[in-house]
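Each remark here refers to the structure printed beneath this line.
The values are calculated or read from the model by the stated rules, or taken from the named source; none is laboratory data. In this text the structure is predicted, and so the values were computed from the model without any measurement. Using ideal geometry, Cβ is built from the backbone for each residue, glycine included, and neighbour counts are taken over all protein chains shown.
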Amino acid sequence: MSTEIIKNKKVAIIAGGGDLPIEVIKSIKELGIDFVIIRFAGVPLNISINENIIDAEFERISDLFSELSLLNVNAVVCCGYVPRPEINVEHINAESRFILEPIIKSFALGDEAIFRSILKLFENKHLIPLNISDLVPNLFPKKEFLTKRKPNKSDMNDAEKSVQILTLMSSADLGQSVVVSGGACLAFETSPGTDAMLRYLWMLKKDQPSFFSGGLLYKSPKNGQNLFIDQPVIGVNTVKGVKKAGLNGIVIKHAEVIVLDPPKVIKLANDLGIFIWSKK
């Protein structure tokens, strides 16, 4: 971690669903960084902290920026699952209408365009965007092969095929993960997410046991994706889902996919006999 990046920062944490905000808050406290938590309406949080919370609505986002300015907040990080914002144009206050115009226009252009317009919004308010890796670097394993089991040649070929498929998916602004077995694409992630995709494969395997054998889950950001919002994550549920679907293991793009609670994830993968490969 570069200490210069976080030096003299007061950070606004845009908290989403899942356990990632817990890890980010824990790390920020350990680093002694002042922070506030932004809780947008409609975003379910899995945190027990009730201090330093600012409740916010996109329709009144001018109020949020005024409060952040009064608190001398100068940086922002986004963590956890944050769904596509639903903005009721009839409820936008006068001060927020001009601010939100680029975001509303981006709705027709896909998720990546929306996320980039949100990032630009914070930058225009002189808030420095931080990545998760700036604050919690231990969630990005440095080793390449994380488990006792290692991928075999067939797995490595499937990983290369997965990279090609995800490149094509990126151009269509589709998901961040794909499942490949024997060079064939079995499934790719759409809006319901990775866990839903793995559940589909488990049901397929249950109904048609001989349909596929082995294979892997590959997870990576989309090509050219800004990692400020929606950085891909694997965790305990991912490992369980991969095992249940009958896959051999998980491949993630090195240094660009978060491993939530790495010791717990690696231990579970070892116990279940699947591999995790942080592919460079």
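Remarks
- LEU64 being touching a strand residue (DSSP E or B) at 6+ places or on another chain (Cβ under 6 Å) and closer than 26 Å to ASN237 by Cβ: no
- The number of residues in the stretch 105-130 that are of a type outside the set (A, V, I, L, M, F, W, C) and at pLDDT 90 or above comes to 9.
- Options LEU216, LEU227, LEU201, LEU247; residue that is out of contact with any helix residue (DSSP H, G or I) (no Cβ under 8 Å at 6 or more places or on another chain) and either under 22 Å from THR167 (Cα atoms) or in the same structural domain as ASP158 (by TED's automatic domain parsing) (or both): LEU201
- Which listed residue is surrounded by 13 or more Cβ atoms within 10 Å (Cβ to Cβ) and assigned by TED's automatic domain parsing to the domain that holds VAL43, from LEU100, LEU109: LEU100
- Evaluation of ASP230 against (1) modelled with pLDDT of 95 or more; (2) buried (at least 17 other Cβ atoms within 10 Å of the Cβ); (3) of a type outside the set (S, T, N, Q); (4) in contact with an Asp or Glu (Cβ under 9 Å, 6 or more places away or on another chain) (one fails), failing number: (1)
- Checklist (1) in a helix (DSSP H, G or I); (2) in contact (Cβ under 8 Å) with a residue 12 or more places away in the chain; (3) under 30 Å from GLU59 (Cβ atoms) applied to SER162, failing item: (3)
- LEU64 under 19 Å from GLU123 (Cα atoms), of a type in the set (A, V, I, L, M, F, W, C), surrounded by fewer than 17 Cβ atoms within 10 Å (Cβ to Cβ) and at pLDDT 85 or above: no
- Among (1) modelled with pLDDT under 95; (2) closer than 16 Å to SER220 by Cα; (3) touching a Phe, Trp or Tyr at 6+ places or on another chain (Cβ under 8 Å) - the single one GLU144 does not satisfy: (1)
- From LEU268, LEU260, LEU216, residue being under 21 Å from MET169 (Cβ atoms) and at pLDDT 95 or above: LEU216
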